[in-house]
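All remarks here apply to the structure that follows.
Rule-based calculations on the coordinates, nothing more; no lab input. The shown structure was predicted, so the numbers you read here are calculated from the model rather than taken from an experiment. All Cβ positions, glycine included, derive from the backbone under ideal geometry; neighbour counts span all protein chains shown.
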Amino acid sequence: MIETTDRFALPLLAAGQAQKEMHHNEAILRLDLLTQAAAEAAGIDVPPEDPELGQCWIIGDAPEGEWTGHAREVAGWTEGGWRFLVPREGMRLWLGEATGFALFASGGWRSGELHGRVLVDGDQIIGPRGAAIAEPVGGTVVDAEARAAISAVLVAMRVHGLIEHGGL
């Protein structure tokens with residue numbers, strides 16, 4: 001029976017094949033951990049007591065135990081124990097629906113943020129933040145101020161592609 005990796009069942013070389021298995025299998029294990037990478041949690045400093053094969057964590061800034069010396073790295077549990085992967089600029093790991101992606105940028109991990117552009121049917125719908133829209137002020141009848149504020153909101157929504165351009 002061919003030995004395989006934990007997540008994607010990538011084939012590993014058998015021991016004794018001219019020592020190639022050491023480098024080949026290490027590369028395959030790392031590929032298995034990083035392909036469609038997902039982590040159980042981010043910012044964790046203490047290794048879990050009973051990890052499952054193929055699970056990964058993003059290590060925090062003050063790691064302890066077996067994770068000591070691996071701050072901000074990705075730790076993956078394999079049959080051979082912990083594998084540590086040094087993140088590269090732009091690396092992303094999925095942290096689940098509640099958090100979304102974690103992004104490694106400028107030497108640290110950022111999570112729960114949206115990076116890049118949002119396109120719907122090829123049209124960018126979110127752009128850079130615009131200037132604040134002034135709230136209407138005045139007495140109980142503020143028709144001119146209210147109309148100006150509503151117009152400014154409509155302009156901002158059109159600029160961001162949230163509504164079509166149009167008019168009366």
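Taking 0.36 nm per intervening residue step and subtracting the Cα-Cα distance, what contour gain separates GLU66 from LEU31 on full extension? Before the final figure, lay out the partial values.
Values: separation 35, 0.36 × 35 = 12.60 nm, distance 2.17 nm.
Value of the extension gain: 10.4 nm.
Quick one: length gained pulling ALA152 to ASP121 fully straight, 0.36 nm per residue minus the C-alpha distance? If you can, show how the numbers build up before the last one.
Working: separation 31, 0.36 × 31 = 11.16 nm, distance 2.55 nm.
Between ALA152 and ASP121, full extension yields an extra 8.6 nm.
Please give, to one decimal in nm, the separation of the simple spin-label points placed at LEU162 and LEU53, each 7 Å out from Cα toward the Cβ.
Placing both labels 7 Å along Cα→Cβ, they lie 4.9 nm apart.
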